[in-house]
1. Any residue in region 50-58 that is at pLDDT 90 or above and either not in a strand (DSSP E or B) or not aromatic (Phe, Trp, Tyr) (or both)?
2. Just to be sure before I move on: is residue 270 at pLDDT 95 or above, among the acidic types (Asp, Glu) and in a helix (DSSP H, G or I) in the structure I sent?
3. Is at least one residue of region 130-138 more than 18 Å from residue 244 (Cα to Cα), in a strand (DSSP E or B) and either of a type outside the set (D, E, K, R) or free of Cβ contacts under 8 Å to residues at least 60 places away in the same chain (or both)?
4. Looking at (1) open to solvent by 10 Å² or more (accessible area, probe 1.4 Å); (2) touching a residue at least 12 places away in the same chain (Cβ under 8 Å), which is the only condition residue 312 fails?
5. Mind checking which residues of region 208-238 are of a type outside the set (Val, Ile, Thr), over 10 Å from the mean Cα position of the chain (by Cα) and crowded, with 17+ Cβ neighbours inside 10 Å?
6. State whether one or more residues within region 253-264 are part of a helix (DSSP H, G or I), surrounded by 18 or more Cβ atoms within 10 Å (Cβ to Cβ), polar (S, T, N, Q) and under 24 Å from the mean Cα position of the chain (by Cα).
7. Might you check whether a residue that is under 30 Å from residue 252 (Cα atoms), in a strand (DSSP E or B), of a type outside the set (Gly, Ala, Ser) and more than 25 Å from the chain's Cα centre (by Cα) occurs anywhere in region 171-191?
8. When only residues in region 378-396 that are in contact (Cβ under 8 Å) with a residue 40 or more places away in the chain, touching a Lys or Arg at 6+ places or on another chain (Cβ under 7 Å) and closer than 16 Å to residue 356 by Cα count, which is surrounded by the fewest Cβ atoms within 10 Å (Cβ to Cβ)?
Amino acid sequence: MNKRKLMYSLLFLSVFVTAFGIYASFQKTITRADASRALVVQRESVAIYEKALHSKGTKVKGYLVKGNAYINYVSFNTDWWRIPIGNSFGYVSKKEAKIEEIGASRPEQVSSNFHGDAILTEEKTPIYSSISTSSKKIGQFDAHIQIEVINQNENWSKVNLGGLVGYVQKEDLQIDNGIPVLMYHNLFREEENHKFKDTFVTITPEFFESQMKWLRDNGYHTISLEDLQKYVEKKKALPDKSFVITFDDGFVSTRQYAYPILKKYSFKAENFIITSRTPDQSQPFDPDQLTTQALSMQDIEKMKDVFSFGAHTHALHDRKDAHTSGLLTQLPYDEVVADLKLNRKELPTPSSYFAYPYGNLNETGIRAVRDAGFKLAFTTQEGRVFPGDNPLILDRKGVYPNMDMEDFKNIFATSN
């Protein structure tokens, strides 16, 4: 080996050793506490926030309790500690908690990366150090928090709080029954529906309003797709009786009927738009022109107080013939991605949410949807949405003309 090569080799080795030392030091001080140190609180209880913010409205996930040594913590920034809570993380103000030396041996730990059952807390839920209500209380979950638990027996479930093993009573928890995502297409009155009586996508405005009234009267409330995305990603629990309303195709009938009804009952909805069919100016409503009447950009602007607008392809909502699936599954990947990116661009506000035309999808189509930048995508498969679902293959609950109110109410039964 010549001198120059030897010099470069020694220089590389020196840089590597220095970098490794810095990395090891960083890991020790930032991502893992010293074995003899722990996070403690001085007040009886200290809030754990969903985000590293202290502003009004920041969600509280739970509480740390005085008298415990929390052994898994990260110095997130100059103002906040980050600790595991359930199967995710929360943030504790450094004004409320500090690091102290602990003389006792470190207690049993549980990883924050476990995968268990999705559960919702009904009320504020105490976390005990063992499977007994007389044991030490190590913390508390707030009400209506989504967590994952490892079931231990018929009465208790195991959780993680600040690196400590904790136990919660199952009677304080409820199974997460998932979120119904309703799927609609078109609304016509009986007397004006001359051409589309036999289509499975058309219901009457009267039936639609009776559904919305029942939902409002029974305490249901709509959530946004942004909230649904966080729910699927296990980053957010949703209140009981949450649901989503979606419309496919962007028909003018949603302006004529759905918009005023939804506004009347204070519900929000998502409308998936085929942008190649979207004119600039509004068109008069004509119930005989179902397939050619689409919402205009002018309509979309006026309806933003009720509707958000997602993507339904730019020009792929079509079939080569009646016996084949939609073009999204028939065309090469590059053509599909180009269309979907144009679809997002042509919307007044680029959307992260997509619905598959006809519900048709394949591996290429799913990959194209992902690579075009969509975060959630909806099929026409029957089912609810649950935490941890594949975000690009989400089920919905279709509402069809052959249904009655009992069928509709059954969508929301907890056994479905």
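1. In the first step, residues of region 50-58 are kept if they are at pLDDT 90 or above; the result is none.
For region 50-58, residues at pLDDT 90 or above and either not in a strand (DSSP E or B) or not aromatic (Phe, Trp, Tyr) (or both): absent.
2. For residue 270, the condition - at pLDDT 95 or above, among the acidic types (Asp, Glu) and in a helix (DSSP H, G or I) - is not met.
3. Scanning region 130-138 turns up at least one residue that is more than 18 Å from residue 244 (Cα to Cα), in a strand (DSSP E or B) and either of a type outside the set (D, E, K, R) or free of Cβ contacts under 8 Å to residues at least 60 places away in the same chain (or both).
4. With respect to (1) open to solvent by 10 Å² or more (accessible area, probe 1.4 Å); (2) touching a residue at least 12 places away in the same chain (Cβ under 8 Å), residue 312 is out only on (1).
5. Those that are of a type outside the set (Val, Ile, Thr), over 10 Å from the mean Cα position of the chain (by Cα) and crowded, with 17+ Cβ neighbours inside 10 Å: 208, 209, 211, 212, 215, 220.
6. no
7. Filtering region 171-191 down to residues under 30 Å from residue 252 (Cα atoms) leaves 179-191.
After this cut, where a residue has to be in a strand (DSSP E or B) as well, the list is 179, 181-184, 186-187.
Still in the running and of a type outside the set (Gly, Ala, Ser): 179, 181-184, 186-187.
After this cut, where a residue has to be more than 25 Å from the chain's Cα centre (by Cα) as well, the list is 186-187.
Checked against the condition, which is being under 30 Å from residue 252 (Cα atoms), in a strand (DSSP E or B), of a type outside the set (Gly, Ala, Ser) and more than 25 Å from the chain's Cα centre (by Cα), region 171-191 yields at least one hit.
8. 380
The values are calculated or read from the model by the stated rules, or taken from the named source; none is laboratory data. Note that the coordinates shown come from a computational prediction; the quantities given were computed from them, not determined experimentally. Every residue, glycine as well, gets a Cβ built from its backbone with ideal geometry; the counts of neighbours run over all protein chains shown. Just the protein is used for accessible areas: all its heavy atoms, side chains included, with ligands, DNA and RNA removed. Shrake-Rupley method; radii C 1.70, N 1.55, O 1.52, S 1.80 Å.
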